[in-house]
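The structure appears right after this line, and notes come after that.
The values are calculated or read from the model by the stated rules, or taken from the named source; none is laboratory data. For clarity, every value in this text was computed on a predicted model and none was experimentally measured. In this analysis, Cβ positions are derived from the backbone assuming ideal geometry, glycine residues included, and neighbour counts consider all displayed protein chains. The accessibility values were calculated without ligands, DNA or RNA, using every heavy atom of the protein model including side chains. Shrake-Rupley method; radii C 1.70, N 1.55, O 1.52, S 1.80 Å.
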Amino acid sequence: QVQLVESGGGLVQAGGSLRLSCAASGRTFSSYSMGWFRQAPGKEREFVAAISRSGGTTYYADSVKGRFTFSRHNANNTVYLQMDSLKPEDTAVYYCAASMKVIRTTSTGYDYWGQGTQVTVSS
């Protein structure tokens, strides 16, 4: 069982930056590949980024590629999503997720989810 707690969301102007964190409980954090997803009002949840167990491989949605950076620190059971050059269309609730399987980009492959953190980008 893994519990995930996101933090770092907030209100920022377009062009600004935020860094989201996701802290995980448990002693087997390095056994999980991790992902970030987001859901805007009236829209389905969508993939943002994923990272492998070691952190050596990352995938990004085309909409955030070059602006977002996903990293992990296995020693402190935390993943980070650095979000730069934010746009109003990045406004959403951002969810951290953990998978017992190899890195993946589909939400159905994730086993544990955090409660989400709101990111609002004003124009």
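Condition (residue is closer than 18 Å to Tyr112 by Cα and under 12 Å from the mean Cα position of the chain (by Cα)) applied to segment 60-68: is it met by at least one residue? Don't jump to the end; show me each part of the working.
So the first thing to find is which residues in segment 60-68 are closer than 18 Å to Tyr112 by Cα, and the list is none.
No - not one qualifying residue is present in segment 60-68.
Taking Gln3 as meeting all but one of (1) in contact (Cβ under 8 Å) with a residue 60 or more places away in the chain; (2) of a type outside the set (A, V, I, L, M); (3) closer than 20 Å to Glu89 by Cα, write down the number of the exception.
(3)
From the list Ser17, Ser21, Ser7, Ser54, exactly one residue is farther than 15 Å from Thr105 by Cβ and under 10 Å from the mean Cα position of the chain (by Cα). Which is it?
Answer to the selection: Ser21.
Any idea which of (1) open to solvent by 60 Å² or more (accessible area, probe 1.4 Å); (2) in contact with a strand residue (DSSP E or B) (Cβ under 7 Å, 6 or more places away or on another chain) is the one Phe70 doesn't satisfy?
(1)
Look through segment 1-20, keep the residues that are closer than 13 Å to Tyr112 by Cα and either open to solvent by 30 Å² or more (accessible area, probe 1.4 Å) or not hydrophobic (A, V, I, L, M, F, W, C) (or both), and return whichever of them is modelled with the lowest pLDDT. Spell out how you get there, then give the answer.
Let us first name the residues in segment 1-20 that are closer than 13 Å to Tyr112 by Cα, namely 1-6.
After this cut, where a residue has to be either open to solvent by 30 Å² or more (accessible area, probe 1.4 Å) or not hydrophobic (A, V, I, L, M, F, W, C) (or both) as well, the list is 1, 3, 5-6.
Values: Gln1: 84, Gln3: 95, Val5: 97, Glu6: 97.
By that ranking, first place goes to Gln1.
Residues checked against (1) touching a residue at least 24 places away in the same chain (Cβ under 8 Å); (2) under 25 Å from Ala75 (Cα atoms):
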site	(1), (2)
Ser7	yes, yes
Gly10	yes, no
Leu20	yes, yes
Arg27	no, yes
Met34	yes, yes
Phe37	yes, yes
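Any residue in segment 102-123 that's within 14 Å of Ala40 (Cα to Cα): show its pairings with residues that are part of a loop (DSSP other than H, G, I, E, B) and open to solvent by less than 50 Å² (accessible area, probe 1.4 Å) at Cβ separation under 6 Å, as long as the two are six or more apart or on different chains.
These pairs meet every condition: Thr117/Gly9; Gln118/Gly9; Val119/Gly9; Thr120/Thr91; Val121/Leu86; Val121/Thr91.
Is there any pair linking a residue in segment 54-77 that is closer than 23 Å to Gly15 by Cα to one that is part of a helix (DSSP H, G or I) and of a type outside the set (Ser, Thr, Tyr), with Cβ under 8 Å and at least six apart or on different chains, and which?
If the second residue must be part of a helix (DSSP H, G or I) and of a type outside the set (Ser, Thr, Tyr), the pairs left are Ser63/Glu89; Val64/Asp90.
How many residues are open to solvent by 30 Å² or more (accessible area, probe 1.4 Å) and of a type in the set (A, V, I, L, M) when one looks only at segment 73-105?
Selection size over segment 73-105: 5.
Across segment 39-53, what is the number of residues that are open to solvent by 70 Å² or more (accessible area, probe 1.4 Å) and either free of Cβ contacts under 8 Å to residues at least 60 places away in the same chain or aromatic (Phe, Trp, Tyr) (or both)?
Narrowing segment 39-53 to residues open to solvent by 70 Å² or more (accessible area, probe 1.4 Å): 41-46, 53.
Checking the rest, the ones that are also either free of Cβ contacts under 8 Å to residues at least 60 places away in the same chain or aromatic (Phe, Trp, Tyr) (or both) come to 41-44, 46, 53.
So the count comes out to 6.
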